[in-house]
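Below you'll find the structure, written out as structure tokens, and then a few comments.
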Amino acid sequence: MSGEMVSVPGHEPHNCGSVSFQGIQASCLGYAVDNMDDIVFLNTAGPQQAVRSLWASLAGNGALEITQTLIRFKRETSYLRFEQPLAMTRLHSMVLLHPQASLLQMQPGQDCFYLLSESQEQIPLRLFYMMLNKAMPLPLAPEWSEYLWKVGTRVRFKRRDESIEDEDDEVIVRKDRAIVPLKTQGCGGWRVLTALDYWMNVIEHGLLDSQIQ
């Protein structure tokens, strides 16, 4: 709980429908969910009792519905919760945030972290660098951010000195992308995998190829 103002993704809240549970309803102002519809970020507003009832449902392992999509807490995760009254109204807003989506709260050594932004088109490279740098015991340079993001969003990549026609020599870094978009409304979001061997491989090839230095 915090009575202080908090910063959430998006310039202004977007009405993304309603959040409901067994007839209890509040407005949804933005959300991001991961695999199995686990909550990464949720911004909702409504009467204080309704907002707190929705929180109780999630805390009790229940599921909320947003425009016919069920969302739930990720198991064994202590979510950050911020609640505050909305000025000039009797309504309250509540923001729920996965700890791995917070630069201050995220823990190194986890399988992934979550990157949130104002929109899916706006990529916060500076925040991406700071979170990736905190997540792994690797010496990263800020000027590598664009290269790391570009490679992380690909399934595989090729050294620049290799022929485009020679597909057999293509360097397969990972079967799946390391950076995957989340399902979002009213914000942008990505899951970033933190496998150490993957990022070491990416950095090694970037240095050998002079794409980073």
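Summary table
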quantity	calculated
Residue tally, condition surrounded by fewer than 16 Cβ atoms within 10 Å (Cβ to Cβ) and among the small types (Gly, Ala, Ser), over the range 176-213	2
Residue match in the range 81-96 (condition: surrounded by 12 or more Cβ atoms within 10 Å (Cβ to Cβ), hydroxyl-bearing (Ser, Thr, Tyr) and in contact (Cβ under 8 Å) with a residue 24 or more places away in the chain)	yes
Residue that is surrounded by the most Cβ atoms within 10 Å (Cβ to Cβ) [pool: residues in the range 25-63 that are touching a helix residue (DSSP H, G or I) at 6+ places or on another chain (Cβ under 9 Å), at pLDDT 90 or above and of a type in the set (A, V, I, L, M, F, W, C)]	Ala32
Inter-residue pairs, beta-carbon under 9 Å, first over 12 Å from Glu146 (Cα atoms) and assigned by TED's automatic domain parsing to the domain that holds Ile179 and in the range 110-134, second modelled with pLDDT under 95 and part of a helix (DSSP H, G or I), 6+ apart	Leu132/Gly152; Leu132/Trp199
Some residue of the range 120-128 being under 15 Å from Gly189 (Cα atoms) and of a type in the set (Asp, Glu)	yes
Output for the range 64-80, where each listed residue is within 15 Å of Cys28 (Cα to Cα), in contact (Cβ under 8 Å) with a residue 12 or more places away in the chain and surrounded by fewer than 19 Cβ atoms within 10 Å (Cβ to Cβ)	Glu65, Thr67, Thr69, Leu70, Arg72
Total residues in the range 78-103, condition charged (D, E, K, R) and touching an Asp or Glu at 6+ places or on another chain (Cβ under 6 Å)	0
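Residues are listed down the side, and each one gets a yes or a no for (1) surrounded by fewer than 13 Cβ atoms within 10 Å (Cβ to Cβ); (2) β-branched (Val, Ile, Thr); (3) under 30 Å from Leu58 (Cβ atoms); (4) modelled with pLDDT of 90 or more:
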| position | (1), (2), (3), (4) |
| --- | --- |
| His98 | no, no, yes, yes |
| Pro108 | yes, no, yes, yes |
| Gln120 | no, no, yes, no |
| Asn133 | no, no, no, yes |
| Pro137 | yes, no, no, yes |
| Glu146 | no, no, no, yes |
| Asp161 | yes, no, no, no |
| Asp166 | yes, no, no, no |
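The values are calculated or read from the model by the stated rules, or taken from the named source; none is laboratory data. Worth saying up front: this structure is predicted, and the values here are computed from it rather than measured. Note that each Cβ is placed from the backbone with ideal geometry, even for glycine, and that neighbours are counted across all protein chains shown.
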